[in-house]
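As structure tokens, the structure follows; a few thoughts come after it.
The values are calculated or read from the model by the stated rules, or taken from the named source; none is laboratory data. As the structure is a computational prediction, the values presented were derived from the model and not from experiment. Here the Cβ positions follow ideal geometry from the backbone for every residue, glycine too, while neighbour counts run over all protein chains shown. Please note that ligands, DNA and RNA were not included when accessible areas were found on the heavy atoms of the full protein model with its side chains. Shrake-Rupley method; radii C 1.70, N 1.55, O 1.52, S 1.80 Å.
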Amino acid sequence: MKHRILRMIAVGLLLCGGIPPSSVMAAEPRQIQHLVVLMQENHTFDNYFGTFPGADGIPKGTCIPKSRSGPASNCLAPHHAVGGHTSDPDHGMATALTAWDNGKMDGFIWAQTDRNLDGSAPMAYWDGTDLPLYWNLATDYVLGDRFFSSAWGASQTNHLFWIAAQAGGGHGGIPANGFDVPTIFDRLEAAGISWKMYVQNYDPKDTFRAGTASGPQVVWTGLLAFPRFLDTPKLFSRIVDLSEYDRDLQDGTLPAVSYIVPSGLSEHPPGNVTAGQEFGASLVTALMRSSSWDSSVFVLTHDDWGGYYDHVSPPQVDADGYGFRVPAIFISPYARSGTIDHTTYDYTSILRFIEDNWGVAPLTARDASANSIGSALDLGQSPKPALLPGPVYPAPTGAPTSARVTLIAAYAFVVLLFLVALAWLALLAVRRRAEAQGPAE
């Protein structure tokens, strides 16, 4: 509301000849003042949204061969997962390249059986009955069905692309002396733009120097493997426990850029995806209920393919990737609601949006040439009320939006007050009438 009032004042002054057009543009408040990104773990697009209506999902008749040399009839079709988890498929770079099979997309089963792992796990998928919160968010906001992981393989490299638009020399793990490449947070810090990295169950002592360089917190957070972020108190203070996210939302102190790193509810196999989506959706709804909603965009995605099947052969932009498609939902009052975005994105598309929106320089050629996730937004529209994701998919027809629920509750409260007032007046009238008639005999 405040932004719309300022815009109206600026336009009014322009029409009256009070200020030049350039001043109006300069005074225009930035519509997206807050970007929140949650990076969950290890799923492909087809694994979560392969049966989503209208999306580029699992092709009809898909059946993946069980072995390289066996007959074509010896194959396994994608199947609905039983329960909320599967075994944990291997998802390293070598396994990804085997599954890709030079673009044939037919090696997903033998990529696992070659390692004596369950070859059926990659062919499992979940749908709206398992992930109603995610599917309702995808229905009400924007689902990206061309969002690729930035690199082949597992978490380490992809998390570096998420913050630095490059692998940082980390293909073989974290270097002995840590990483030393520019990150998006260096750019923001230099420009005086606020940021935080919120970490679930954060342990500030768990860094690459503590001998846990391959541990989830260090790998997924990334910055905990950068000596300058550990040794500079101002920078280190920006890495905080996830509990501060709710506090910042309540206090109206949410920074411009927020990265969220999960822990036990990351959806990493064999973790339960139902519990993971409840965690992810809770972070989204917390933003929706806050004063920051009208100027925010929330990106919900996953850090790598997790070993699961996907039918789209990823474009090869350089030696690192792209890797396989991952789920991506863009949630904002400015989202092109109810659409499926076919734009090609990867994690550096998030960096490109930050760079464009806050006017900071690109980090590498990868983010400089990436498509910005801003394509999923319509900044020309007025911010829309939040649509809270329902626990059942599809949502019941005519289900009220959160704004309507709030309005209905307000009306109900007013009506209740009115009825209480009427009852009190009626009781007062009865008492006055009784007093006028005197005591009963």
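The residues listed here are ALA138, ALA151; of these, the one that is of a type in the set (Gly, Ala, Ser), in a helix (DSSP H, G or I) and buried (at least 24 other Cβ atoms within 10 Å of the Cβ) is ALA138. Scanning segment 336-352 for residues that are in contact (Cβ under 8 Å) with a residue 60 or more places away in the chain and open to solvent by 10 Å² or more (accessible area, probe 1.4 Å) yields ARG336, SER337, GLY338, THR339, ILE340, ASP341, HIS342, THR343, THR344. When you check SER369 against the structure, is it at pLDDT 55 or above, open to solvent by 70 Å² or more (accessible area, probe 1.4 Å) and out of contact with any Gly (no Cβ under 8 Å at 6 or more places or on another chain), yes or no? Judged against the criteria, SER369 is a match.
Out of GLY83, GLY119, GLY92, GLY107, one residue alone is of a type in the set (Gly, Ala, Ser) and in contact with an Asp or Glu (Cβ under 6 Å, 6 or more places away or on another chain). It is GLY107.
Annotation for segment 56-69: no member residue is open to solvent by less than 60 Å² (accessible area, probe 1.4 Å), under 29 Å from the mean Cα position of the chain (by Cα), over 20 Å from THR339 (Cα atoms) and at pLDDT below 95. Taking each residue of segment 33-49 that is more than 16 Å from LEU242 (Cα to Cα) and touching a residue at least 12 places away in the same chain (Cβ under 8 Å) and looking for partners that are open to solvent by 10 Å² or more (accessible area, probe 1.4 Å) and part of a strand (DSSP E or B) with beta-carbon atoms closer than 7 Å, six or more apart or interchain, yields ASP46/TYR125; ASN47/TYR125. Among the residues making up segment 76-106, those that are open to solvent by 40 Å² or more (accessible area, probe 1.4 Å), closer than 23 Å to PRO59 by Cβ and not aliphatic (A, V, I, L, M) are HIS79, HIS80, TRP100, ASN102, LYS104. Looking for something hydrophobic (A, V, I, L, M, F, W, C), open to solvent by 50 Å² or more (accessible area, probe 1.4 Å), outside any helix (DSSP H, G or I) and more than 27 Å from ALA154 (Cβ to Cβ) - is there at least one such residue anywhere in segment 354-366? Yes, segment 354-366 contains a residue that is hydrophobic (A, V, I, L, M, F, W, C), open to solvent by 50 Å² or more (accessible area, probe 1.4 Å), outside any helix (DSSP H, G or I) and more than 27 Å from ALA154 (Cβ to Cβ). Give the residue that is farthest from VAL326 (Cα to Cα), with candidates limited to residues of segment 222-248 that are in contact with a strand residue (DSSP E or B) (Cβ under 6 Å, 6 or more places away or on another chain) and either part of a loop (DSSP other than H, G, I, E, B) or at pLDDT below 95 (or both). Ranking the candidates gives ARG238 first.
Listed here are the residues, each with its yes/no results for (1) within 19 Å of GLN156 (Cβ to Cβ); (2) touching a Lys or Arg at 6+ places or on another chain (Cβ under 6 Å); (3) not hydrophobic (A, V, I, L, M, F, W, C).
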| position | (1), (2), (3) |
| --- | --- |
| LEU35 | no, no, no |
| LEU38 | yes, no, no |
| THR51 | no, no, yes |
| SER69 | no, no, yes |
| PHE108 | no, no, no |
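What residue, among those in segment 107-123 that are surrounded by fewer than 21 Cβ atoms within 10 Å (Cβ to Cβ) and touching a residue at least 24 places away in the same chain (Cβ under 8 Å), is farthest from PRO269 (Cα to Cα)? The residue in question is TRP110.
Taken over segment 117-132, the criterion of being small (Gly, Ala, Ser) and not in a strand (DSSP E or B) is satisfied by GLY119, SER120, ALA121, GLY128. Answer with yes or no whether PRO333 is in contact with an Asp or Glu (Cβ under 6 Å, 6 or more places away or on another chain), in contact (Cβ under 8 Å) with a residue 40 or more places away in the chain and part of a loop (DSSP other than H, G, I, E, B). Taking the combined requirement at face value, the residue satisfies it. Among the residues of segment 378-398, those that are open to solvent by 80 Å² or more (accessible area, probe 1.4 Å) and over 20 Å from ALA286 (Cα atoms) comprise PRO394, PRO396, THR397.
Let's see how each residue does on (1) closer than 21 Å to PHE353 by Cβ; (2) touching a Ser or Thr at 6+ places or on another chain (Cβ under 8 Å); (3) in a helix (DSSP H, G or I); (4) without any contact (Cβ under 8 Å) to a residue 12 or more places away in the chain:
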| position | (1), (2), (3), (4) |
| --- | --- |
| GLN250 | no, yes, yes, no |
| SER263 | no, no, no, no |
| GLY271 | no, no, no, no |
| PHE279 | no, no, yes, no |
| ALA286 | no, no, yes, no |
| VAL297 | yes, yes, no, no |
| GLY307 | no, yes, no, no |
| SER313 | no, no, no, no |
| ASP320 | yes, yes, no, no |
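Of all the listed residues (VAL257, VAL219), the sole one being of a type outside the set (D, E, K, R) and either open to solvent by less than 10 Å² (accessible area, probe 1.4 Å) or closer than 16 Å to LEU35 by Cα (or both) is VAL257. Exactly one residue out of GLY280, GLY307 is open to solvent by less than 10 Å² (accessible area, probe 1.4 Å), on the phi > 0 side of the Ramachandran plot, modelled with pLDDT of 95 or more and touching a Leu at 6+ places or on another chain (Cβ under 9 Å), and it is GLY307. Touching a strand residue (DSSP E or B) at 6+ places or on another chain (Cβ under 7 Å), of a type in the set (Val, Ile, Thr) and more than 30 Å from ASP378 (Cβ to Cβ) - does that describe any residue in segment 85-93? Scanning segment 85-93 turns up at least one residue that is touching a strand residue (DSSP E or B) at 6+ places or on another chain (Cβ under 7 Å), of a type in the set (Val, Ile, Thr) and more than 30 Å from ASP378 (Cβ to Cβ).
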